[in-house]
Each structure stands twice: as C-alpha cells, then as structure tokens.
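J.: Here's a structure for you.
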C-alpha cells in the first residue's frame, strides 16, 4: 500500500507540472500549489502513510528497547510492555537468519481505518516495508510479526527496495522466518495443482505492478492462502536443499547483483527451471512419501 501512495505522489507531481504548463495565470497557479502541496505533505505525515516517520505522533506514545521502537496508542504502557516481548521474540527469529537486524520502527493500528491510513491493507493483520512495520492490534502472533520484520530486514541488508525482489521470494522468506507453515502442506499444494488453483504465474508477480497484483489477489480472493502456502513451500524447498548458509550468501549477493543473475549463479538454474523442479517435487510428493 505504501507503494500505491508513492505512485499517487508521483502522479500529483506530474499533474502539478502539467497544470503549471497549461495554466493561464501561472503566478496564481504557483501560489495555490505552494500553499496546498505543503499542507498535503503535512497531513500525510501527521495522519497518513508517513506517520511512522513523523516526529510528531498525535495520540501515540513510544517504548524503545535495543533496536525496536514501538509506537502505541494512548498511554497503555502495560500493553506496550507485553507487545515488546513479542517483538523481541520475533526479532530473534530474524537474527537467526539475517545474523543482525536493523532499527525496527513498529506502529500499532487499532482499527481497519488506521491500517488504511498508515498505508496498509485494512484486511491485513500487519504489513512490513522499508519504512517499518504496521501491526493491527490483536491480530499478530509472534510468527506473523517476524514475517513483517523480514520484509524490512531483507530490504535493509541488500540496500534495495522491496519491489526489487519477486514477491514469491520476499513473501516466502518472510513466512519461512516466521515459521508460518500453517497455510499449506505439500499434499495440500498437490491438491491445488489438481484443482487448477496452483499459481503457475507466480514468477511474474514482481515490481510495483506485481506488488499491486499481489495485494489484489491475496486480499480479495481465496488465492491468498494458496499464494502464501506456495511461496512458503518454495522457499522452504530451497532451504532444505541448499542449507541456511547458502541461502544467506544468496541474499547477501543481492547487494550487488540483480535477482535473476544472483539466483542463477547461486543455484545453477533459472527461476523458471526452479519452479518446474519444485512443481515436479510437489506432484510426486505423496508417491515418494509412500515409497519411504
């Protein structure tokens, strides 16, 4: 959702330029623009998706421990202390893979409207990006918190925006780190292949448009459970086959290499070849299980 607001901001800038070029009274247009635009920016920081970056957080208090800064509504210090325990546990999940973890701003939303104005889907229990993570109160166990933290840690470690990674990898690693194996088992995914709901186009969901497509498909359809289960199992397959150290080295290589090139160099196959190998594994999973 933050990327949607970013795209909207770009549109506003381009439209402002167009407006200036076509305005009959350019001086008057500039005055209106320079009065209105700062006001919009202020509102985005005080009440919108950049709230987590704002030095002024109306109605919120903060609690900071180690690398985690928790912004919580009101003066609910007991709630904040309990939440901090969960955050620190989730942070340990991330440290196990990323070896270090970065500054972690965490913003608690108390309603669907809060989630929306903070730049996240109102249907989601949480969301993570380069800015920090949003958490919907009462909907986020430790594993899901660790999942959202991974999005920020992956971006910080590689120095790249989250939209630089294909969604299957970013989401799959996050679910693996969060130990979120409750979406799908291999045999469940095998059933999805038979039913025709297995996401054969999963590799195409990437970039800004892919992020928008992902949000649309996981939020407003039954595909959500399939997508999260499939991406988790895809990444788990890589971890099981190559080991955690190899996976970490691959992630580190993304600092200097594009995803496709780094993937080929690290695993000796393209993403397409990997997806076929993974699909074959899922299709033959039950047979192998019975043979054992």
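J.: Test residue 179 against the stated conditions and say whether it is part of a loop (DSSP other than H, G, I, E, B), crowded, with 19+ Cβ neighbours inside 10 Å and not assigned by TED's automatic domain parsing to the domain that holds residue 70. If you could, list the steps in order and put the result at the bottom.
T.: Values: part of a loop (DSSP other than H, G, I, E, B): yes; crowded, with 19+ Cβ neighbours inside 10 Å: no; not assigned by TED's automatic domain parsing to the domain that holds residue 70: yes.
So residue 179 does not fit the description; no.
J.: Sort through 87, 92, 113 and tell me the only one that's part of a helix (DSSP H, G or I) and surrounded by 14 or more Cβ atoms within 10 Å (Cβ to Cβ).
T.: 87
J.: Now a separate question. Going through 48, 59, 119 one at a time, which residue ends up being over 22 Å from residue 165 (Cα atoms), surrounded by 13 or more Cβ atoms within 10 Å (Cβ to Cβ) and either over 19 Å from the mean Cα position of the chain (by Cα) or modelled with pLDDT under 95 (or both)?
T.: Unique residue meeting the criteria: 48.
J.: Does residue 152 qualify as being within 25 Å of residue 115 (Cα to Cα), assigned by TED's automatic domain parsing to the domain that holds residue 122 and in a helix (DSSP H, G or I)?
T.: Taking the combined requirement at face value, the residue satisfies it.
J.: Which of the following residues is within 18 Å of the chain's Cα centre (by Cα), at pLDDT below 90 and under 19 Å from residue 127 (Cβ atoms): 223, 171? Don't jump to the end; show me each part of the working.
T.: On the way: 171 fails: at pLDDT below 90.
Result of the check over 223, 171: 223.
J.: On to the next question. Mind listing whichever residues of the range 142-158 are touching a helix residue (DSSP H, G or I) at 6+ places or on another chain (Cβ under 8 Å) and surrounded by fewer than 24 Cβ atoms within 10 Å (Cβ to Cβ)?
T.: 142, 143, 151, 155, 157, 158 - these are the residues of the range 142-158 that are touching a helix residue (DSSP H, G or I) at 6+ places or on another chain (Cβ under 8 Å) and surrounded by fewer than 24 Cβ atoms within 10 Å (Cβ to Cβ).
J.: Among the listed residues 146, 124, which satisfies the condition of being closer than 30 Å to residue 275 by Cα and in a helix (DSSP H, G or I)?
T.: 146
J.: Take residue 66 and tell me if it is at positive phi and at pLDDT 75 or above.
T.: For residue 66, the condition - at positive phi and at pLDDT 75 or above - is met.
J.: Return the only residue of 129, 94 being within 25 Å of residue 165 (Cβ to Cβ), at pLDDT 95 or above and not assigned by TED's automatic domain parsing to the domain that holds residue 177.
T.: Matching residue, one of 129, 94: 94.
The values are calculated or read from the model by the stated rules, or taken from the named source; none is laboratory data. This is a predicted model, so every value here is computed, not measured. Please note: Cβ atoms are built from the backbone with ideal geometry, for glycine as well, and neighbour counts cover all protein chains shown.
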